[in-house]
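Values in this text are rule-based calculations from the coordinates and carry no lab data. Nothing here was measured: the structure is a model prediction, and the numbers come from that model. Cβ placement follows ideal geometry from the backbone for every residue including glycine, while neighbour counts extend to all protein chains displayed.
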Amino acid sequence: MKKSICIEKIFLEHDFYDRFAKVAEAGFQYVEFGYWPGRDIDRIKAECDKHGLTVTTFSADFKASLIVPKDRAAFLDYLAQSIEVAKTLGCQNLVIHSQAMDDTGAFTSDGSDLDEPVKLYSAALTAQDAARMAEQAGVTLVLEAVNNISKPGYYMTSCRYTGNLCKVVGSPNLKILYDIWHMQQMEGNMVANLRKYADVLGYIHVGDCPERHEPGTGEINFDKIKHVVCDELGLDIVWGFELDPEISSADCVQKLAAF
């Protein structure tokens with residue numbers, strides 16, 4: 001199992017660039033973060049090289065939305081820039097969403113004024129082009145469904161949207177990011193959905209529900225989920241710990257090491 005620490009959530013008591021060393025000191029080999037604009041990419045690469053870390057993912061959309069037709073060119077342009085960053089960092093997965101959010105989590109383009117068919121057709125057309133770019137670059141785009149409780153107005157809120165979009169596009173380089181915390185709130189029935197969309201499952205985010213703390217603090221049966229994904233389905237994908245620690249970062253990663 002590849003376990004990745006999200007340094008946008010854990011080790012927040014340290015400077016961003018110092019968090020890489022903390023991840024390595026905790027015994028992890030994989031790390032992820034959010035948005036790259038404003039970050040020193042060369043320094044991130046140097047920190048990863050120094051500490052033997054691999055960046056597993058970061059966000060590859062920012063101010064343009066997948067579901068907004070007029071955003072299509074800007075979405076693909078930013079994705080192209082993100083792919084170049086990924087090449088520099090040796091990162092194999094890039095997160096995309098139905099709607100653009102900035103680094104505070106606020107929508108920058110939400111498409112709320114658009115008709116339903118327009119959103120779906122736009123998403124399919126743009127995702128198809130994005131997948132071709134990913135294929136050429138040798139990276140995988142992972143499309144994340146997000147809850148509309150903490151993110152009111154969010155469009156793709158379930159695997160019904162993200163999973164079926166990936167199936168329709170049919171590219172091996174477009175898959176879903178299954179965020180356990182989001183999906184427990186929006187659709188539940190996680191084991192059945194993981195099985196249903198196993199062919200397009202590309203990445204998993206871990207956070208217990210309802211508070212999004214470390215596993216064991218909420219209602220989710222992670223042992224069952226791990227058994228289904230790893231043993232039954234035989235998927236060797238990244239499990240990213242994107243969660244809000246209930247305890248100290250040091251104690252949290254110690255628990256996560258035994259996940």
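Specify which residue in the list Phe20, Met156, Ala131 is farthest towards the positive end of the charge dipole of the chain, using unit charges on the beta carbon of Lys, Arg (+1) and Asp, Glu (-1), about the Cα centre.
Checked the options; the winner is Ala131.
Specify the inter-centroid distance of the stretch 204-236 and the stretch 23-71, based on alpha-carbon positions, in whole Å.
The stretch 204-236 and the stretch 23-71 have Cα centres separated by 23 Å.
Taking amide H positions as placed 1.01 Å from N in the peptide plane, with prolines and chain starts having none, which residues 5 or more places from Ala100, or on another chain, fall under 5 Å of its amide H?
Close amide H contacts, sequence-distant or interchain: Ser65, Leu66, Thr108, Ser109.
Taking amide H atoms as placed 1.01 Å from N in the peptide plane, list the residues 5 or more away in sequence, or in a different chain, whose amide H sits under 5 Å from that of Asn93.
Close amide H contacts, sequence-distant or interchain: Thr140.
Gain in length, Leu12 to His51, computed as 0.36 nm per residue apart minus the alpha-carbon separation, to one decimal in nm?
Extra length available between Leu12 and His51 comes to 12.2 nm.
Using 1/(1 + (r/R0)^6) with R0 = 35 angstrom and r between the beta carbons of Glu211 and Ile41, what's the FRET efficiency to the nearest 0.05?
Here the calculated transfer efficiency is 0.60.
I need the phi-derived Karplus couplings for the stretch 122-128: 6.51 cos²θ - 1.76 cosθ + 1.60, θ = phi - 60°, integer Hz, Gly and Pro marked x.
After applying 6.51 cos²θ - 1.76 cosθ + 1.60, I find 4, 4, 5, 5, 5, 5, 5 Hz.
Could I have the simple spin-label model distance between Ile149 and Phe222, label points 7 Å from Cα toward Cβ, reported in nm to one decimal?
1.9
Stretch Lys2-Ala192 to full length: gain in nm at 0.36 nm per residue minus the Cα-Cα span?
In short, 66.1 nm is gained.
In whole percent, what relative contact order does the stretch 160-231 give with Cα contacts below 8 Å and a gap of six or more residues?
Relative CO of the stretch 160-231 lands at 29 percent.
Counting only residues 5 or more places away or on other chains, whose amide H sits under 5 Å from the amide H of Ile5 once H atoms are built in the peptide plane?
Correct list: Tyr30, Val31, Glu32, Phe241.
If you rank Met186, Met133, Met101, Met156 by fewest surrounding Cβ atoms within 10 Å, what's the result?
Ordered from fewest to most neighbouring Cβ atoms within 10 Å, Met186, Met133, Met101, Met156 come out as Met133, Met186, Met101, Met156.
With respect to the cross-link table entries Lys2/Lys22; Lys3/Lys63; Lys9/Lys151, which display a Cα-Cα separation exceeding 20 Å?
Lys3/Lys63
Build a GNM of the chain with springs between Cα atoms under 10 Å: which of Leu141, Leu174, Leu120 gets the top mean-square fluctuation?
Residue with maximal mean-square fluctuation among Leu141, Leu174, Leu120: Leu120.
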